[in-house]
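Let me begin by presenting the structure, written as structure tokens, before commenting on it.
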Amino acid sequence: MSAVGLAVGDGVVLAKRNLTRTLRVPDLMMSSLIMPIMSTLLFAYIFGSAIQVPGVSYTEFLLVGVFVQTVVFNSVITGSGLAEDIQKGIVDRFRSLPISPYSVLIGRTISDLANNVLSIVVMVVTGLLVGWRIDSSAGEAAAGFVLLLAFAYALSWVLAVVGLSVRAPEVVTNASFMIIMPLCFIANTYVSPEGFPAVLRVIAEWNPVSAVTQAVRELFGNTNPAFPPGDAWPLQNAILASFLWIVVMLVVFVPFATSRYRKAVAR
Amino acid sequence: MPPSVARGFRRGEPAFEPGGEAMMTAAIVAREVVKKYASVTALDGFDLEVAEGTVMGLLGPNGAGKTTAVRVFATLIQPDSGHAEVAGIDVVANPRAVREVIGLSGQYAAVDELLTGYENLELIGRLYHLGKKGAKARAEELLEQFDLTEAAGRRLKEYSGGMRRRLDLAGALVRKPKVLILDEPTTGLDIRSREATWEAIGELVASGSTLLLTTQYLEEADRLAHRIAVIDHGKLIANGTADELKDQVGGHRLEVTLRDAADLDHARAVLAPIGHGEPVATQEDRRVVVPIAAAGGVLVEGVRRLDMAGIEVVDASVRRPTLDDVFLALTGHRADKAEQNGEGVKAEETKNEEPVR
Ligand SMILES: Nc1ncnc2c1ncn2[C@@H]1O[C@H](COP(=O)(O)OP(=O)(O)OP(=O)(O)O)[C@@H](O)[C@H]1O
Ligand SMILES: [Mg+2]
């Protein structure tokens with residue numbers, strides 16, 4: 001078998017194992033299924049109705065923000081899952097087997113991708129129930145989902161680095177949220193950054209989360225004239241900018257996570 | 001108990017005949033292996049050679065470097081310097097190939113709590129690339145062999161410590177490895193599980209596999225291992241068959257158990273003149289052990305002297321040295337038998353049993 005075939009083959013076996021675990025841990029179930037449903041409902045009813053924008057639906061605008069926030073939050077599992085498997089000696093057991101050295105990371109990121117698919121499916125269904133609609137072609141909509149998942153996948157590798165650097169599983173979640181919270185909220189997920197103070201506005205404009213959110217809104221036809229994207233380049237060219245961000249994240253963080261993994265396990 | 005087991009584990013002889021008559025090739029080799037951690041040198045020029053098809057027992061006090069050595073052979077860590085090979089394959093240059101031929105069960109059971117027993121073994125089979133069917137068949141076979149069929153569908157979370165340990169061990173046998181490496185495989189097992197484990201190990205060794213086994217139980221090493229290596233402070237300090245090691249320590253032992261621990265020092269002084277070496281007393285079991293040159297007459301003489309000194313004796317005997325004596329003589333510790341409940345519970349330092357010299 002080729003090296004890549006082996007890495008993916010073993011990765012898929014391990015991804016299945018990770019998913020089985022996810023479905024059996026009530027906490028993880030909560031974060032990947034129940035939280036997304038709750039967020040969708042809360043945002044749709046509480047904020048969607050509280051903020052009245054004449055003539056347009058704020059709910060449509062909001063829900064893409066909820067989608068993005070959910071997949072970003074889900075990426076925490078990548079780091080904490082790795083840290084836990086290393087701490088419990090499970091990774092050592094795997095490493096004593098003739099598997100590809102990349103398969104543990106590949107398996108982890110694949111299962112987290114599958115996890116995101118699950119979250120998105122339940123959010124889309126919930127969203128449709130509360131009146132959210134995609135106002136674009138099937139092709140554009142599909143591209144929107146692919147972009148969302150591709151971004152989540154790239155982000156998994158970033159959080160893998162956090163998990164492999166911090167190592168203590170209890171600390172990983174907190175450390176991850178310190179990165180993820182600003183990423184999620186200093187952005188256009190729920191409001192237009194136009195009104196942010198100057199520094200925050202610049203950060204928000206160049207935040208990859210903003211580019212992805214804007215791109216998905218465009219692809220779903222969920223943009224809202226009451227919330228203009230702003231003039232910054234990444235928001236005016238959101239699809240291209242998102243694509244570039246994803247490529248850069250993968251190019252930087254796949255090798256980084258791999259070398260971190262080597263260091264973390266060889267002790 | 002199957003007859004093979006009864007025969008196999010008679011005291012004082014190795015349980016299994018080495019596979020093949022010529023034991024020329026070494027299945028495991030370590031030369032001058034050094035592994036340093038920030039504050040300790042875990043392996044400090046460690047040497048070892050295990051002949052193909054034999055069982056090597058690796059003994060040593062806590063912190064001696066046993067697990068570190070195991071991790072080097074299992075390609076989990078790289079030595080800082082020195083050379084190590086398994087089945088003729090360099091562990092540093094070609095870890096992938098080493099992993100194809102070894103089966104490892106580490107000191108602490110590395111099982112997946114959320115998966116069932118069956119799922120755990122099936123996963124390992126899949127990662128050995130046995131295919132779906134192959135992995136399933138092998139998992140079922142091993143569950144049967146380790147008496148876990150009933151628990152096969154239960155998650156590991158619900159397993160007892162001993163069941164976990166057995167499952168972990170079964171995981172090491174999934175691929176019928178050429179070289180099996182077991183780090184304290186029976187710590188925490190009850191007698192029956194231990195027998196089952198020995199039997200499984202026996203079958204594997206009988207079919208030509210090599211086994212490196214670390215253990216806290218000298219009895220286990222005595223029964224299972226063809227040869228025993230003693231490691232301390234990261235160095236090999238003795239190596240030979242159980243008999244050779246016992247001979248190395250030499251002679252016989254006069255062992256007396258006193259009624260009152262307060263008499264220990266006095267008893268040592270009284271017995272010193274008839275000994276061949278310094279008598280050693282252990283507080284905990286109120287025992288004095290005196291190395292003696294030959295058995296004849298010493299027992300009577302020793303008891304007489306103690307009686308004259310007014311020291312009450314509960315038990316007295318003359319015996320050949322045990323591995324325990326070997327261990328004590330070589331490392332200055334008694335082997336650690338305190339740990340009975342395995343997992344996670346590190347054996348206490350041997351302070352209670354520290355000889356009073
Ligand atoms: N990852 C590590 N980081 C730092 N020190 C370590 C590490 N692993 C082992 N050591 C140290 O190396 C020495 C040898 O440890 P090792 O685990 O090999 O001993 P052992 O013979 O297996 O002991 P035990 O009988 O308690 O299992 C000890 O002093 C231990 O503290
Ligand atoms: Mg150990």
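The values are calculated or read from the model by the stated rules, or taken from the named source; none is laboratory data. Nothing here was measured: the structure is a model prediction, and the numbers come from that model. Using ideal geometry, Cβ is built from the backbone for each residue, glycine included, and neighbour counts are taken over all protein chains shown. Quick note on the areas: whole protein, heavy atoms, side chains included, nothing else; ligands and nucleic acids left out. Shrake-Rupley method; radii C 1.70, N 1.55, O 1.52, S 1.80 Å.
Values computed for the structure shown
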| read-out | value |
| --- | --- |
| For chain A, the fraction of alpha-carbon pairs in successive 5 Å shells from zero, as % | 1, 6, 12, 17, 18, 16, 12, 8, 5, 3, 1, 0, 0 |
| Across A:LYS263/B:LYS35; A:LYS263/B:LYS36; B:LYS35/B:LYS246; B:LYS66/B:LYS178, pairs whose alpha-carbon gap is larger than 22 Å | B:LYS35/B:LYS246 |
| Residue-wise HN-Hα coupling along region A:27-34, computed from phi with Karplus coefficients 6.51, -1.76, 1.60 (Hz; x: Gly, Pro) | 4, 6, 4, 3, 6, 9, 10, 7 |
| Accessible area of the protein assembly as shown belonging to carbon and sulfur atoms, whole % at 1.4 Å probe | 59 |
| Heavy-atom accessible area, 1.4 Å probe, ligands and nucleic acids excluded: residues of region B:87-105 down by at least 30 Å² from chain alone | B:ARG96, B:ARG99, B:LEU104 |
| Helix-derived mean residue ellipticity, 222 nm - over the protein assembly as shown, DSSP H n ≥ 4, -39500 (n - 2.57), to 500 | -16000 deg cm²/dmol |
| Most mobile listed residue (A:VAL68, A:VAL13, A:VAL199) in chain A, GNM with C-alpha springs under 10 Å | A:VAL199 |
| Computed accessible area, A:ILE77, all protein chains, 1.4 angstrom probe, square angstrom | 10 |
| Measure of compaction for region A:12-167 (Cα Rg per 2.2 N^0.38 Å) | 1.18 |
| Accessible surface, per residue, of region B:169-262 when the full set of protein chains is kept, probe 1.4 Å, Å² | 33 |
| Sparse-neighbourhood loop sites, GluC sites (Glu not before Pro) in region B:85-163 - DSSP loop, at most 11 other Cβ within 10 angstrom | B:GLU150 |
| Translational D in µm²/s for region B:107-174 (Stokes-Einstein at 37 °C, 0.692 mPa s, Kirkwood Rh from C-alpha pairs) | 289 |
| Summed side-chain charge close to B:GLU49 - residues other than B:GLU49 whose Cβ falls under 14 Å, Lys, Arg +1, Asp, Glu -1 | -2 |
| Environment charge at B:VAL314 (Cβ cut-off 12 Å; Lys +1, Arg +1, Asp -1, Glu -1) | -3 |
| Choice from A:VAL25, A:VAL72, A:VAL158 with maximal GNM fluctuation in chain A (Cα, 10 Å cutoff) | A:VAL25 |
| Occluded residues from region B:51-84, i.e. those whose accessible area drops by 10 Å² or more once the chain is not alone (1.4 Å probe) | B:ARG71, B:LEU76, B:ILE77 |
| Dipole in debye (nearest 20) - chain A, about Cα centre, beta carbon charges: Lys, Arg +1; Asp, Glu -1 | 1060 |
| Cut-off 11 Å between beta-carbons: net charge of the residues surrounding B:GLY125, Lys and Arg +1, Asp and Glu -1 | +2 |
| Estimated Rh, chain B: Kirkwood, alpha-carbon pairs, angstrom | 21.8 |
| Counting all C-alpha pairs of region A:1-73, share separated by more than 20 Å (%) | 53 |
| Nonlocal amide H pairs with B:ASN239, under 5 Å, H built at 1.01 Å | B:VAL230 |
| Qualifying chymotrypsin sites (Phe, Trp or Tyr not before Pro) for region B:32-87 [loop in DSSP, other Cβ within 10 Å: at most 15] | B:TYR37 |
| For region B:65-82, 3J(HN,Hα) per residue [Karplus equation, 6.51 cos²θ - 1.76 cosθ + 1.60, θ = phi - 60°, Hz, x = Gly/Pro] | x, 4, 5, 4, 4, 4, 5, 5, 5, 7, 6, 7, 10, 9, x, 5, 7, x |
| Surface accessible to a 1.4 Å probe, A:MET181 within the full protein complex, Å² | 80 |
| Total accessible surface hidden between A and B, rounded to 100 Å², 1.4 Å probe | 2500 |
| Nearest-10 value in Å² for the accessible area of A:ARG167, using the 1.4 Å probe | 80 |
| Threshold 30 Å², region A:82-116 residues less accessible with all protein chains present than alone (1.4 Å probe) | A:LYS88, A:ILE90, A:ASP92, A:ARG93, A:ARG95, A:SER96, A:LEU97, A:PRO98, A:ILE99 |
| Translational D in µm²/s for the protein assembly as shown (Stokes-Einstein at 25 °C, 0.890 mPa s, Kirkwood Rh from C-alpha pairs) | 87 |
| Heavy-atom surface of chain A, accessible at 1.4 Å and reported per residue (Å²) | 41 |
| Length released on extending from B:ASP324 to B:ALA206, taking residue separation times 0.36 nm less the Cα-Cα span | 39.7 nm |
| Rough spin-label spacing in nm, given labels placed 7 Å along Cα→Cβ, for A:VAL121 and A:ALA226 | 3.4 |
| Length released on extending from A:GLN52 to A:ARG24, taking residue separation times 0.36 nm less the Cα-Cα span | 6.0 nm |
